[in-house]
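Please read the structure below before turning to the comments.
The values are calculated or read from the model by the stated rules, or taken from the named source; none is laboratory data. This is a predicted model, so every value here is computed, not measured. So basically every Cβ, Gly included, is an ideal-geometry build from the backbone, and we count neighbours across all protein chains shown.
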Amino acid sequence: RTRVNSMRNDKKWQRKDSIHTELRCNIDPDILKRNVDAKIFFEDDQVKDNGSIFCKRDNFDSLRREIPTSKFNGIHIKMEDDCPQGGDDVRLCLLKTLGAHSMRSLPCVSCFQSLPIYDKYPLVDGIFFLSSLPRQGVPSVHLLFDGRPFYIEVICVACLWSNWECRHCGDESFVGRSLILGTLYTFDVISIPQCCTPLCHSCNSPIAVSPQLINYIKMGNYSLIHEPLTCSACGSTRDHLSRKVTHYNINRQSHPSALMVMETTVSMTSPKLGTDGNIIDASIS
């Protein structure tokens, strides 16, 4: 029915295309077909128990052993959202891609420790992140972000809470303790510090980078790490600002809370000496 003298503006504004800011799965159709033909999904024991191939987290002991008690909260660890429209799209996209490749766990890019993947937040005892660089010994699984394929990679919490030092200049500006555990970062977190002149990934020649671009990255625009740059020596065009783990010396150290627990355990189980040098029984009755 046509309305006369209507005050409503019937103009329809075109919706903004959000494809360049959306995280999407990038699953090979052959893999999906192979999974369907296998018909072993519902025969898996873990699927029968949990409804998926991913683990169900029973406790947070693995995280408590690595981080201080003061950091064990919803600010430093990604927890399940109170409402379904929270960050569930990221979780579903990530788990769908990993599940299609039958990835129940992924190795840490630093220490290669196998980290189980959980079906709820926190998804892993560390962080997921996207990188354009393939890591040796790490399975190649991709996600689409900004219309480009990126590798899904993971760093364990023990390596994140270690001291990272640049092999070339000794810079220690990488602070993994500031990252939220159990979630996905859509940029290469290893490449956050831009302390040294970047080198070409093809010929290892220095790359000329404008100071303005480096300043933007240092101000928090970490997506610019994946900005394509052209090497003047060999002509290779790619994101040369991305760095490898071998760029750093990683010194793993226990956090103060863990050391305190260890010292308390030792003091309760080891014998003590009295003022006269005799051993005092330290057993607890």
*asked:* Can you report the number of residues in region 176-214 which are outside any loop (DSSP other than H, G, I, E, B) and over 18 Å from residue 158 (Cα atoms)?
replied: 7
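Being in contact with a helix residue (DSSP H, G or I) (Cβ under 7 Å, 6 or more places away or on another chain) and touching a residue at least 12 places away in the same chain (Cβ under 8 Å) narrows it down to one residue among 166, 156, 200, 196; which is it?
Working: 156 fails: in contact with a helix residue (DSSP H, G or I) (Cβ under 7 Å, 6 or more places away or on another chain); 200 fails: in contact with a helix residue (DSSP H, G or I) (Cβ under 7 Å, 6 or more places away or on another chain); 196 fails: in contact with a helix residue (DSSP H, G or I) (Cβ under 7 Å, 6 or more places away or on another chain).
Only one candidate qualifies: 166.
Residue by residue through region 100-126, note down the ones that are part of a helix (DSSP H, G or I) and crowded, with 21+ Cβ neighbours inside 10 Å. Spell out how you get there, then give the answer.
We begin by selecting, within region 100-126, every residue part of a helix (DSSP H, G or I); these are 100.
Once the filter is applied, which keeps residues that are part of a helix (DSSP H, G or I) and crowded, with 21+ Cβ neighbours inside 10 Å, region 100-126 yields nothing.
Would you confirm, using the coordinates I've provided, whether residue 172 is out of contact with any Lys or Arg (no Cβ under 7 Å at 6 or more places or on another chain), outside any helix (DSSP H, G or I) and free of Cβ contacts under 8 Å to residues at least 60 places away in the same chain? Write out each step before concluding.
Values: out of contact with any Lys or Arg (no Cβ under 7 Å at 6 or more places or on another chain): yes; outside any helix (DSSP H, G or I): yes; free of Cβ contacts under 8 Å to residues at least 60 places away in the same chain: yes.
Considered against the rule, which asks whether it is out of contact with any Lys or Arg (no Cβ under 7 Å at 6 or more places or on another chain), outside any helix (DSSP H, G or I) and free of Cβ contacts under 8 Å to residues at least 60 places away in the same chain, residue 172 comes out as yes.
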*Is it the case that residue 239 is in contact (Cβ under 8 Å) with a residue 60 or more places away in the chain and of a type in the set (D, E, K, R)?*
yes
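Filter region 135-149 down to residues that are touching a residue at least 40 places away in the same chain (Cβ under 8 Å) and of a type in the set (A, V, I, L, M, F, W, C) and give me whichever is nearest to residue 107 (Cα to Cα). Full working, then the answer.
Taking region 135-149 first, the residues touching a residue at least 40 places away in the same chain (Cβ under 8 Å) are 135, 141-149.
Applying the additional criterion that residues be of a type in the set (A, V, I, L, M, F, W, C) yields 141, 143-145.
Working: 141: 12, 143: 17, 144: 21, 145: 22 Å.
This residue is 141.
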*Specify the residue that is modelled with the highest pLDDT; the eligible residues are those in region 48-97 that are part of a loop (DSSP other than H, G, I, E, B) and among the acidic types (Asp, Glu).*
66
*Which one is farthest from residue 71 (Cα to Cα), of the residues in region 177-217 that are surrounded by 19 or more Cβ atoms within 10 Å (Cβ to Cβ) and hydroxyl-bearing (Ser, Thr, Tyr)?*
191
*Hey, residue 163 hits all of (1) surrounded by 15 or more Cβ atoms within 10 Å (Cβ to Cβ); (2) within 20 Å of residue 71 (Cβ to Cβ) but one; which does it fall short on?*
(1)
_Looking only at region 215-241, how many residues end up being part of a helix (DSSP H, G or I), over 20 Å from residue 172 (Cβ atoms) and touching an Asp or Glu at 6+ places or on another chain (Cβ under 7 Å)?_
1
